[in-house]
Amino acid sequence: MASSTSCKENSLVLGIETSCDETAVAVVEAGLKIRSNVVSSQIPIHQRFGGVVPEVASRQHVKLIVRVLDQALRDADVTLDDISAVAVAYGPGLVGSLLVGISAAKAIALARGVPLIGVNHVLGHVYANLLAHEHLTLPAVCLTVSGGHTDILYVAPDHTYTVIGSTRDDAAGEAFDKVARVLGLGYPGGPRIDEVSRNGNPKSIEFPRPMLDEDNLDFSFSGLKTAVINHVHRLRQLDQELPISDIAASFQQAVVDVLVGKITRAAEAKQVSTVILSGGVASNTQLRRDLKSECERRGLALYYPPPSLCTDNAAMIACAGYFQYVAGRFSSLSLDAVPGLTLRESAMKEERPGKP
Ligand code: KG4
Ligand code: ZN
């Protein structure tokens, strides 16, 4: 992507990400070159509870953070002396989890006298695309869709952005996870629904496409989730066998139809020819397939990261942090976790140049 980054070209940004159930540290050179990207997933630990248990997650982060940091420095073949700045996700996320990463980042920034940069986790997902596609050009519209957020952004050539659409209730990933739980598919639900849907008929059950025909760029997934749950309960009451693959495929198709419809409408409204997809749900096979063919039909360029950069990682935080670093937007050492941080809030907030 074209950017004004001539200075600080060789800077190494250390990224730290602990907002949910992944303990992740990365080293990124000059904003775009991944020198290391270590992710320690807690999925096996939370699986037996059927979802992330916040207290367990933060304790795991405490246990793992130093080990993951050491590994990331080793993989990048650098020491803390080589680091130019520390970027850390400070929200949205689980407060106890976020605080582990923030504390580690502050300790490093203070001890080494380097700037601390607080990054909005969701914005990190958007920047994952820059790491994956060096020729990506702005402006673009971006659909960022994860377990905790579903937003459409307009991203200008100077990297400033405006939120032009959001979910009014559940995030799409949240709906995937809840439906998977009702179908007995386990946690995390998105990848399991993706998998079993391959053997199902997406047209077998006509679930609603909430807000698809409304003249706005917002979403609502809670009614769709309830429709699926009611359908499952009805079949159970009738003692009928659950056609799990068909239900999963029909639900997935309903979500995908809405996501594809809204993001292509956003591209049309903003008259841009680039569409970006980001966040955990961006790994969904059907979403990628349908959005690709719709973008091809409309002559739009579509970018999405590889699956390893779609789900939570610290390289995306380091990349987003680098662009804040270049713009001189630092955080102070009083940076706090903001569990409910929104993109609108971050877009409006002008972080002051801080002292390292
Ligand atoms: O970005 P992410 O790793 O964490 C958050 O910031 O929330 O996204 C996790 C979400 C979960 O809801 C997970 O079920 C969903 O992304 N997800 C998927 C797929 N892979 C992950 N949803 C649908 N299809 C997938 N293949
Ligand atoms: Zn995420």
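The values are calculated or read from the model by the stated rules, or taken from the named source; none is laboratory data. What you are looking at is a predicted structure, and each value in this text was computed from that prediction instead of being measured. Every residue, glycine among them, receives a Cβ derived from its backbone with ideal geometry; neighbour counts consider all protein chains shown. Accessible surface areas use protein heavy atoms only, side chains included; no ligands, DNA or RNA. Shrake-Rupley method; radii C 1.70, N 1.55, O 1.52, S 1.80 Å.
So that you can scan it fast, the table gives a plain yes or no per residue for (1) open to solvent by less than 10 Å² (accessible area, probe 1.4 Å); (2) among the β-branched types (Val, Ile, Thr); (3) over 30 Å from Pro191 (Cα atoms):
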residue	(1), (2), (3)
Gly93	no, no, no
Lys106	no, no, yes
Leu110	no, no, yes
Gly124	yes, no, no
Val141	yes, yes, no
Ala156	no, no, yes
Thr162	no, yes, no
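Checked against (1) in a strand (DSSP E or B); (2) in contact with a Ser or Thr (Cβ under 7 Å, 6 or more places away or on another chain); (3) crowded, with 20+ Cβ neighbours inside 10 Å, Ala57 meets all criteria but (1). Residues that are open to solvent by 60 Å² or more (accessible area, probe 1.4 Å) and over 13 Å from Pro243 (Cβ atoms) were ranked within region 185-207; the one that is farthest from ligand 2 (Cβ to nearest atom) is Glu206. Checked against the criterion of being out of contact with any His (no Cβ under 7 Å at 6 or more places or on another chain) and within 16 Å of ligand 2 (Cβ to nearest atom), the candidates Ile229, Ile244, Ile263, Ile276 yield just one match: Ile276. Taken together, Cys319, Cys310 contain a single residue that is at pLDDT 95 or above and of a type outside the set (Ser, Thr, Tyr), which is Cys319. If you go through region 264-288 and keep only what is within 13 Å of ligand 1 (Cβ to nearest atom) and either touching a strand residue (DSSP E or B) at 6+ places or on another chain (Cβ under 7 Å) or open to solvent by 30 Å² or more (accessible area, probe 1.4 Å) (or both), you end up with Leu277, Ser278, Gly279, Val281, Ala282, Ser283, Thr285, Gln286, Arg288. Restricted to region 310-328, and to residues there that are of a type outside the set (A, V, I, L, M, F, W, C), within 16 Å of ligand 2 (Cβ to nearest atom) and open to solvent by less than 30 Å² (accessible area, probe 1.4 Å), the residue that is nearest to Thr285 (Cα to Cα) is Asp312. Please determine whether any residue of region 289-298 is touching a residue at least 24 places away in the same chain (Cβ under 8 Å), more than 12 Å from ligand 1 (Cβ to nearest atom) and either among the hydroxyl-bearing types (Ser, Thr, Tyr) or part of a loop (DSSP other than H, G, I, E, B) (or both). So far as region 289-298 goes, no, none of its residues is touching a residue at least 24 places away in the same chain (Cβ under 8 Å), more than 12 Å from ligand 1 (Cβ to nearest atom) and either among the hydroxyl-bearing types (Ser, Thr, Tyr) or part of a loop (DSSP other than H, G, I, E, B) (or both).
Pairs are defined by a Cβ separation below 8 Å, a sequence spacing of at least 6 or placement on different chains, a first member in region 120-142 that is within 13 Å of Tyr154 (Cα to Cα), and a second member that is part of a helix (DSSP H, G or I) and more than 16 Å from ligand 1 (Cβ to nearest atom); the pairs so defined are Pro139/Lys270; Val141/Ala266; Val141/Ala267; Val141/Lys270. Do you know which of the residues in region 174-213 that are hydrophobic (A, V, I, L, M, F, W, C) and over 25 Å from the mean Cα position of the chain (by Cα) is farthest from Cys20 (Cα to Cα)? Only one residue tops the list, namely Ile205.
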